[in-house]
Amino acid sequence: MSQPLIQRVRQGDFLRGTFLNLGSALVAEVCALSGFDWLLVDLEHGAGGEEGLAGQLLAGAAHGVSVIARTESAERIRVGHLLDLGVQGVMFPRLETPEEVRAALTHLWYPPRGDRGIAGYNRARQFGGDGLTSEEVNGGIVAIVQVESVTALENLEAIAAIEGVDVLFVGPSDLSAALGVPGQLHDPVFQEALDQVVAVASAHNVAAGILVSDPRQVPAYRDRGFRFVAVAADSSLLRAAAIEALRFN
């Protein structure tokens, strides 16, 4: 990796990734070889669990691609285990208030900044050999907060202002459903919410992120101001490729 993911996020680079839903280290490697800037292991909705995370982390590292994870909950023990395995960032689903965000982010960092358990013998710390201080480790973790509800939108300014938030990430399916227009991503109500996320993120110098199911739409979201874009998921990309292959038969 030419630069750490956290540095690229904070300097405003346009970064494309994809969700790893299949829980496969080999699929993760295929995605890493395909040119994505980051890969996200989805532990909320994906088929795999924490037991398969190390293999996917190794696949990303072998080809210089950052790997982060979406945790299924914001529990301290869950977040800490992901970090100890070596993820470079954590995505938190379903956070709605500043209080919830502060509590979740606390689990990302060693004391005194946070309450992450201190252990230097794990994979993330090169099994005791990385030589980094707690402050240096704390400073390398990307914190991604999902925006999936009306309450989150109402609290967006306060959430974005919290020190340590790096990305405000729209979950289109959940947010459109919460706004009363499920799956209607061109509805003015949903579009207005997207404008709000981009504006607030820009005002607070954090990245706006979104999951885009149709890769052809990525340039439009980039031009709109989104800087952290997930291009579908491994499973949906595979299915689309398979359907396309059969089109010629």
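Quick check on ALA104: is it within 15 Å of the chain's Cα centre (by Cα), part of a helix (DSSP H, G or I) and of a type in the set (Gly, Ala, Ser)? Spelling it out, ALA104 is indeed within 15 Å of the chain's Cα centre (by Cα), part of a helix (DSSP H, G or I) and of a type in the set (Gly, Ala, Ser).
Whether any residue in the stretch 148-159 is farther than 27 Å from THR18 by Cβ, in a loop (DSSP other than H, G, I, E, B) and modelled with pLDDT of 95 or more is what I want to check. Scanning the stretch 148-159 turns up at least one residue that is farther than 27 Å from THR18 by Cβ, in a loop (DSSP other than H, G, I, E, B) and modelled with pLDDT of 95 or more. Anything in the stretch 206-235 that is touching a residue at least 40 places away in the same chain (Cβ under 8 Å) and among the polar types (S, T, N, Q)? List them, or say none. Result: SER213, SER235.
Evaluation of GLU148 against the conditions (1) surrounded by fewer than 14 Cβ atoms within 10 Å (Cβ to Cβ); (2) under 23 Å from ASP42 (Cβ atoms) shows that the sole unmet condition is (1). Residues that are farther than 18 Å from HIS63 by Cα and aromatic (Phe, Trp, Tyr) within the stretch 1-26 comprise just one, PHE14.
The values are calculated or read from the model by the stated rules, or taken from the named source; none is laboratory data. Being a predicted model, the structure only gives us computed values, none of them experimental. Reconstructed Cβ throughout: ideal geometry from the backbone, glycine too, with neighbour counts over all protein chains shown.
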